[in-house]
Amino acid sequence: MFTFGAMKFLRAQYLFVFLMASSLVISCGSEEIVQQKNVYYPWESYLTKEIAYVTKGANRLQKSVILDGEKEEKILSEVDWKKEWALFLEADLNKAAYQTAYDHFSEPGMIWYSLKPGENLSVKKFVLHIDAEERPVKVEIEVAQKNLLFETHKKLFMNFSEGHVETYYIEGSQQMTWTKPTEYKLMGVLLPK
């Protein structure tokens with residue numbers, strides 16, 4: 001005779017089998033993580049290593065900011081380099097959505113990526129000057145965004161010596177709809193401690 005106890009036992013068995021099968025499917029799937037191959041210069045990776053280098057070296061920062069014509073200068077001993085260089089990090093082109101969006105031109109000592117006509121991404125141009133060891137000497141990046149609420153334009157520059165950042169410069173403007181544009185310039189010079 002069939003009882004409720006046997007029914008509970010069968011449900012428990014089915015639940016156990018279902019959970020085991022589910023965990024096998026999930027665990028098999030997680031082992032098949034596909035790592036995205038870099039299509040463009042590995043900028044984010046390089047700059048992340050540079051952040052670790054300058055953090056370890058305990059560099060100071062001489063920073064000048066001009067906002068709508070008013071200038072402010074500071075020398076900073078404590079710097080969160082990841083935040084300081086966030087705009088440069090965000091300009092990395094090795095993102096899934098970007099894989100076919102850029103034309104690539106290169107010649108000895110220079111790599112140039114230009115947004116293809118018809119593409120609508122924020123990084124418009126990325127130019128990298130490199131030395132014989134393929135380390136950056138100079139980086140130039142143009143970023144622009146426009147929507148119904150605002151329009152921004154930025155030019156980012158970073159200069160290197162022996163593969164390490166020496167100076168960087170950002171100039172740009174941002175305009176909210178129906179307001180005048182805000183213009184800014186920022187220059188950073190790395191100083192030894």
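Before moving on, here are some points about what is shown:
- Of all residues in the stretch 168-188, those that are under 21 Å from Lys138 (Cα atoms) and either open to solvent by less than 30 Å² (accessible area, probe 1.4 Å) or not hydroxyl-bearing (Ser, Thr, Tyr) (or both) total 8.
- You will find that of Val65, Val79, Val39, the residue that is outside any loop (DSSP other than H, G, I, E, B) and of a type in the set (A, V, I, L, M) is Val65 and no other.
- Qualifying residue in the stretch 93-111 (condition: closer than 30 Å to Asp68 by Cβ and polar (S, T, N, Q)): no
- Test: Ala97 is without any contact (Cβ under 8 Å) to a residue 60 or more places away in the chain, closer than 19 Å to Pro42 by Cβ, open to solvent by 30 Å² or more (accessible area, probe 1.4 Å) and not hydroxyl-bearing (Ser, Thr, Tyr): yes
- The residue that is nearest to the chain's Cα centre (by Cα), among those in the stretch 82-121 that are within 18 Å of Val137 (Cβ to Cβ) and outside any loop (DSSP other than H, G, I, E, B), is Phe88.
- Phe157 open to solvent by 70 Å² or more (accessible area, probe 1.4 Å) and either under 28 Å from Ala52 (Cβ atoms) or free of Cβ contacts under 8 Å to residues at least 12 places away in the same chain (or both): no
- Lone qualifier among Leu67, Leu121 - being hydrophobic (A, V, I, L, M, F, W, C), modelled with pLDDT under 95 and open to solvent by 60 Å² or more (accessible area, probe 1.4 Å): Leu67
- When the strands (runs of 3 or more DSSP E) confined to the stretch 133-193 are screened for residues that are touching a His at 6+ places or on another chain (Cβ under 6 Å), those reaching at least 3 such residues are found at 136-146.
- Pair list, Cβ < 9 Å and 6+ apart or interchain, from the stretch 182-193 residues that are farther than 24 Å from Gly69 by Cα to residues that are of a type outside the set (Ser, Thr, Tyr) and open to solvent by less than 60 Å² (accessible area, probe 1.4 Å): Leu191/Asn59; Leu191/Leu61; Pro192/Gly57; Pro192/Ala58; Pro192/Asn59; Lys193/Gly57; Lys193/Ala58; Lys193/Asn59
- All conditions in (1) open to solvent by 70 Å² or more (accessible area, probe 1.4 Å); (2) closer than 27 Å to Leu61 by Cβ hold for Ala132, with the sole exception of (2).
The values are calculated or read from the model by the stated rules, or taken from the named source; none is laboratory data. If you're wondering where the values come from, they're calculated on a predicted model, not measured in any experiment. Heads up, the Cβs are rebuilt from the backbone with ideal geometry, glycines too, and the neighbour counts pull from every protein chain shown. What goes into the accessible areas is simple: the full protein's heavy atoms, side chains included, and nothing from ligands, DNA or RNA. Shrake-Rupley method; radii C 1.70, N 1.55, O 1.52, S 1.80 Å.
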